[in-house]
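Enquirer: Pasting a structure below so you can have a look.
The values are calculated or read from the model by the stated rules, or taken from the named source; none is laboratory data. This is a predicted model, so every value here is computed, not measured. Here the Cβ positions follow ideal geometry from the backbone for every residue, glycine too, while neighbour counts run over all protein chains shown.
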């Protein structure tokens, strides 16, 4: 695809955000989190760029995650109207969930939503996320659930989703998939890495539990103290601690996202 570069058209701040979001899409594909073209990752533009308006970057609908570049990302408002000329369509139905989260959580710089097999499998389990792994303890410290209401394209679902999410950073969409909220793209990505790992471990553990005499649960007091453990693990930096290493990986394997 021949997509004109926007680097000289947008501000340096917007371009940096575009590069990070394009990298996030490529990394999601690399980790096997994409579902053809049917999920979304949205990033909120800072007020210094928008003049205080709520504007977002989102994927051009129809492109695979590994095809997305900084210049192909589409800028939209809260109704998913395009705010600049783009040859690519946007998916208003797919933005219902994202706009609901951004509206309820103005501090959310990024919302990442997936339909992975492990994520959907755990979302269908009545007990939800189990405290059976170190990864699960980080998730359980800030986890919410939202019941399935069909394909999420009806605006009337937004208040219920917002109420269910509350202040949580991890959301299991029942019978549907996973969602993470972060102040930055790096934070939302790290959150999804931990949540997806939690689900993969749980599916594997449940599949093998009959021969192992059941599962061993993490003690509740350990889960209660996990926030400090996460802070120590990342040096207080959250997703920013691992993001430079992830970008270096892309530079070695898939540097085309920055155009």
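Enquirer: Determine which member of the set 124, 108, 118 is in contact with a helix residue (DSSP H, G or I) (Cβ under 7 Å, 6 or more places away or on another chain) and within 15 Å of residue 196 (Cα to Cα).
Expert: 118
Enquirer: Just checking, does the range 143-157 include any residue being over 14 Å from the mean Cα position of the chain (by Cα), in a helix (DSSP H, G or I), modelled with pLDDT of 95 or more and surrounded by fewer than 22 Cβ atoms within 10 Å (Cβ to Cβ)?
Expert: No, every residue in the range 143-157 fails to be over 14 Å from the mean Cα position of the chain (by Cα), in a helix (DSSP H, G or I), modelled with pLDDT of 95 or more and surrounded by fewer than 22 Cβ atoms within 10 Å (Cβ to Cβ).
Enquirer: OK, next. List the number of the failed condition for residue 28; all other conditions in (1) exposed (fewer than 15 other Cβ atoms within 10 Å of the Cβ); (2) closer than 23 Å to residue 152 by Cβ; (3) at pLDDT 95 or above hold.
Expert: Among (1) exposed (fewer than 15 other Cβ atoms within 10 Å of the Cβ); (2) closer than 23 Å to residue 152 by Cβ; (3) at pLDDT 95 or above, residue 28 violates only (1).
Enquirer: So, residue 144, is that one more than 15 Å from residue 125 (Cα to Cα) and free of Cβ contacts under 8 Å to residues at least 40 places away in the same chain or not?
Expert: So residue 144 does not fit the description; no.
Enquirer: Residues in the range 117-135: is at least one part of a helix (DSSP H, G or I), within 13 Å of residue 180 (Cα to Cα), within 20 Å of the chain's Cα centre (by Cα) and touching a residue at least 12 places away in the same chain (Cβ under 8 Å)?
Expert: Scanning the range 117-135 turns up at least one residue that is part of a helix (DSSP H, G or I), within 13 Å of residue 180 (Cα to Cα), within 20 Å of the chain's Cα centre (by Cα) and touching a residue at least 12 places away in the same chain (Cβ under 8 Å).
Enquirer: Within the group 239, 225, 213, 235, which residue is in contact with a strand residue (DSSP E or B) (Cβ under 8 Å, 6 or more places away or on another chain) and at pLDDT below 90?
Expert: 239
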